[in-house]
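Below: the structure, in C-alpha cells.
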Amino acid sequence: MIRPILLSTPHVGDAELEFVKEAFDTNWIAPVGPHVDAFEQEFCDAVGAGYAAAVSSGTAALHLALRLVGVEPGDEVFCSTLTFIATASPISYLGAKPVFIDSDRTSWNMNPNLLREALTYRARIGKLPKAVVLVHLYGQSADIAPILRACNDYGVPLIEDAAEALGATYKDQSPGTFGRVGIYSFNGNKIITTSGGGMLVSEDADLIAKAKFLATQARDPAPHYQHSEIGYNYRLSNILAGIGRAQLQVLRDRVAARRHNFEIYQRALDHLPGIEFMPEALFGQSSRWLTCLTIDPVAFGANRDQICSALAQKRIEARPVWKPLHLQPVFAECESIGGAIAEDLFYRGLCLPSGSNLTISDLERVIEVMTQVHKCSATYQARSYELDYVASAPSKAELCPPSESLGSGNLSKLTG
Ligand SMILES: Cc1ncc(COP(=O)(O)O)c(C=O)c1O
C-alpha cells in the first residue's frame with residue numbers, strides 16, 4: 001500500500017535518545033531537573049530572550065501570559081483572527097472576551113493599521129483592551145514594529161504567539177521576543193518538538209519567576225503546603241526538556257529543510273494559473289513552517305477542497321488554512337474588526353505537506369497530484385466547452401478517472 005504523506009510530523013534522531021537516557025540514568029523523571037534549566041537557558045540563547053519558563057504546552061504558556069499581564073473576567077483582549085483556536089481559548093479560560101482583528105495581505109498576520117485605529121477608538125471611548133495577542137502565522141512574522149508602537153502608545157501589553165514561528169526572523173530578531181511576553185509551542189507538528197510542550201519568554205525576570213510559580217500550583221515559600229492564589233500544573237517534564245535540548249541543536253537545519261520544501265514547491269507549481277504562494281514579507285525571513293498557498297478556482301480549474309480530496313485520494317494530507325476565529329461558532333458573540341482578508345485566505349488557502357523529514361520523492365508526489373488536478377480540470381473545461389451542445393459530453397470522472405481508492409478517510413487518524 002502506498003505510504004501516506006502527512007502534513008508535518010515529528011523529526012527526531014539519536015541525540016534526543018541520549019538526553020532522555022541521561023534523564024533516566026540520573027532519575028530526573030520529574031517536572032524539574034537539569035534538562036529543564038538547561039533547555040530554558042539554551043532556548044533563550046537561541047531566540048535572544050532574557051528569561052524563559054518551559055511549560056507543558058503552548059496553550060498553557062498563553063494562559064500564563066494572559067494571567068501575568070493581569071487579564072481578568074470581563075476584560076477584552078484583542079487577538080489575531082486568522083489562527084488556530086489555541087491562541088484565543090486561554091482568553092476564554094480567564095472569563096475574558098476576545099475581539100478579533102483582521103490580517104493584512106503582505107504577511108497574512110494582524111493588520112497594524114486596523115489595530116491602531118481600533119486602539120485609538122477604544123481609547124476615545126475609555127474601553128481599551130487588557131492585552132493584544134499577536135500571532136506569527138505559519139512561520140511568518142507579523143509586522144511587529146508598528147504593532148508594538150501602537151500597543152506602547154496606548155499602554156496595552158503585547159503578547160506574542162510565536163507557536164508556529166520559531167526560527168523565523170523580524171529584522172534579524174526572533175518573533176516572540178518583542179512584546180511583554182512571547183510564547184512558543186513544541187507540539188508534535190511544530191518545527192521542533194518535545195512531543196508536547198511550550199515556552200514562555202520575557203525580558204522581565206520577575207515575570208518569568210511568577211510564571212514558574214503559577215505553573216507549579218502557586219505554592220508559597222513556606223515549610224508546609226501553603227497557597228495564596230490559584231495556580232496550575234503546567235511545568236515541562238525533565239524528560240521532555242531533554243528532547244527539546246537535542247531538537248534545539250538542529251533548529252537551523254529544520255528551518256533550512258522547510259524553506260527548501262517551499263522552494264521546491266514554488267519552482268514546480270508557481271507557473272500554474274491561479275496559484276499564489278504565501279508571500280514572504282520584506283521585514284524578515286519566514287521559517288516556512290508550513291508551505292501555504294491560495295487557489296483562484298476559476299484560473300486553476302479546481303477549488304481548494306477539490307485539490308484536498310485529490311491529494312487525499314493519493315494518501316497525501318493537505319489542510320485548509322485556519323478558519324478565522326471570528327467565524328467559529330464558539331466565538332459567534334464576539335466582536336470582529338474587519339475579517340474579509342482572513343475569510344478570503346481561509347476559503348482559498350491550502351497548506352501542503354511541509355515536514356523537515358519529507359523526501360524529494362514525497363514532494364514530487366504532491367507536485368504530481370497538484371499538476372494533474374490542474375491538467376484534468378483544464379481538459380475538462382475545454383472539452384465541456386467544445387462539446388457544449390453534444391448530449392453525450394463526457395463527465396469529469398470519465399476524463400479524470402479517480403485513482404485507486406486508498407482509504408483517504410483514515411489520513412486524519414495518522415496525524416497529531
Ligand atoms: C498559533 C498557535 N498558537 C498556539 C498553539 C498551541 O500550542 P500547543 O499545541 O503547544 O498547546 C498552536 C499549536 O498547536 C498554534 O498553532
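Values in this text are rule-based calculations from the coordinates and carry no lab data. This structure is a prediction, so every number in the text was calculated from the model and none was measured. A quick note on method: Cβ atoms are made from the backbone with ideal geometry, for glycine too, and the neighbour counts reach across all protein chains shown.
Computed values, structure above
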| item | result |
| --- | --- |
| Filter result for Ala256 (within 18 Å of the chain's Cα centre (by Cα) and without any contact (Cβ under 8 Å) to a residue 24 or more places away in the chain) | yes |
| Test: Tyr184 is closer than 23 Å to Ser8 by Cα, in a strand (DSSP E or B) and of a type outside the set (Lys, Arg) | yes |
| Residue that is nearest to the chain's Cα centre (by Cα) [pool: residues in the range 146-191 that are within 11 Å of the ligand (Cβ to nearest atom) and among the acidic types (Asp, Glu)] | Glu164 |
| Total residues in the range 67-89, condition part of a strand (DSSP E or B) and within 22 Å of the chain's Cα centre (by Cα) | 4 |
| Pairs where the first residue, in the range 44-72, is without any contact (Cβ under 8 Å) to a residue 60 or more places away in the chain and the second is away from the ligand (no atom under 12 Å from the Cβ), C-beta under 9 Å, 6+ apart | Asp45/Leu248; Glu72/Leu94; Glu72/Gly95; Glu72/Ala96; Glu72/Lys130 |
| Residue in the range 256-264 that is crowded, with 22+ Cβ neighbours inside 10 Å, of a type in the set (Phe, Trp, Tyr) and either in a helix (DSSP H, G or I) or on the phi > 0 side of the Ramachandran plot (or both) present | yes |
| Total residues in the range 57-89, condition away from the ligand (no atom under 11 Å from the Cβ) and of a type in the set (Phe, Trp, Tyr) | 1 |
| Options Ser92, Ser107: the member that is assigned to a loop (DSSP other than H, G, I, E, B) and within 16 Å of the ligand (Cβ to nearest atom) | Ser107 |
| Residue in the range 237-247 that is surrounded by fewer than 23 Cβ atoms within 10 Å (Cβ to Cβ), of a type outside the set (Asp, Glu), within 25 Å of Val135 (Cα to Cα) and in contact with a Ser or Thr (Cβ under 7 Å, 6 or more places away or on another chain) present | no |
| Looking only at the range 95-104, and only at residues there that are assigned to a loop (DSSP other than H, G, I, E, B) and in contact (Cβ under 8 Å) with a residue 40 or more places away in the chain, the one that is nearest to Gln328 (Cα to Cα) | Asp102 |
| Conditions (1) over 26 Å from Phe39 (Cβ atoms); (2) part of a loop (DSSP other than H, G, I, E, B): number failed by Cys151 | (2) |
| Members of the range 179-206 found to be surrounded by fewer than 20 Cβ atoms within 10 Å (Cβ to Cβ) and out of contact with any Pro (no Cβ under 9 Å at 6 or more places or on another chain), listed by number | Gly196, Glu203, Asp204, Ala205, Asp206 |
| Residues satisfying the stated conditions in the range 192-219, i.e. over 13 Å from Tyr234 (Cα atoms) and within 14 Å of the ligand (Cβ to nearest atom) | Ile192, Thr193, Thr194, Ser195 |
| Flag if Ala299 is surrounded by fewer than 18 Cβ atoms within 10 Å (Cβ to Cβ), out of contact with any helix residue (DSSP H, G or I) (no Cβ under 6 Å at 6 or more places or on another chain) and small (Gly, Ala, Ser) | yes |
| The range 125-146, residues that are under 24 Å from Gly349 (Cβ atoms), outside any strand (DSSP E or B) and touching a strand residue (DSSP E or B) at 6+ places or on another chain (Cβ under 6 Å) | Tyr138, Ser141, Ala142, Ile144 |
